[in-house]
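The values are calculated or read from the model by the stated rules, or taken from the named source; none is laboratory data. Please read all numbers here as calculations on a predicted model, not as lab measurements. Positions of Cβ are backbone-derived with ideal geometry, glycine not excepted, and every protein chain shown enters the neighbour counts. Areas reflect the complete protein model, heavy atoms only, side chains present, ligands, DNA and RNA absent. Shrake-Rupley method; radii C 1.70, N 1.55, O 1.52, S 1.80 Å.
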Amino acid sequence: MPYYVLLTRLAPGVAKSAEEIQRLSKKVSEELKKSCPECRWIANYVVMGPYDYLDIFEVPNEQMAMKVSMIVRTVGNASTETWALVPWEKAFEGG
């Protein structure tokens, strides 16, 4: 299954404490498990810079990747950027 990177930036003022961020994260996680059971989370990181989080996940297709992104945006009150990942050894196959 394809891997994707999801970069997430929380909307300003969404969470004013670490506890609020954890509650929001739990809410998003529960919705993802319910709505996208075929999604498998590979890694997630808190990052410094213009984004708050970097997640790597695996889903069957780009439509499901879009669904994951939309759930994070709407339930998590955030903006996202999603990138498809191609393993280096497969990047130039057939070309």
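Points to keep in mind about this one:
- Between 69, 17, 79, the residue with the greatest mean-square fluctuation in the GNM of the chain (Cα pairs under 10 Å linked by springs) is 17.
- Theoretical FRET efficiency, 1/(1+(r/R0)^6), r = Cβ-Cβ of residue 5 and residue 27, R0 22 Å, to 0.05: 0.50
- Highest-fluctuation residue, 43, 65, 78 considered, GNM on the chain with Cα pairs under 10 Å: 43
- When the chain is described by a simple charge dipole with +1 on each Lys and Arg Cβ and -1 on each Asp and Glu Cβ, the residue from 49, 76, 61 located farthest towards its positive end is 76.
- The chain: Lys pairs at Cα distance under 17 angstrom, eight or more positions apart or on different chains: 6
- Solvent-accessible area, 1.4 Å probe, carbon plus sulfur percent, for the chain: 57 percent
- Surface analysis of segment 38-95 yields an accessible area of 70 Å² per residue, using protein heavy atoms and a 1.4 Å probe.
- Of 49, 76, 13, the residue with the greatest mean-square motion in the GNM of the chain, using alpha carbon springs below 10 Å, is 13.
- Here residue 72 sits with roughly 10 square angstrom of accessible surface, probe radius 1.4 Å.
- For the chain, the longest principal axis of the C-alpha atoms and the axis of helix 18-35 are separated by about 50°.
- Percentage, to the nearest whole number, of Cα pairs in the chain over 18 Å apart: 45 percent
- Simple label model, 7 Å out from Cα along Cβ direction - residue 54 to residue 84, nm: 2.1 nm
- Helical content of the chain, expressed as a calculated mean residue ellipticity at 222 nm, amounts to -11500 deg cm²/dmol (DSSP H runs of 4 or more residues, -39,500 (n - 2.57) each, divided by residue number, nearest 500).
- For segment 1-90, averaging the sequence separation of C-alpha pairs within contact (under 8 Å, six or more residues apart) and dividing by the residue count gives a relative contact order of 48 percent.
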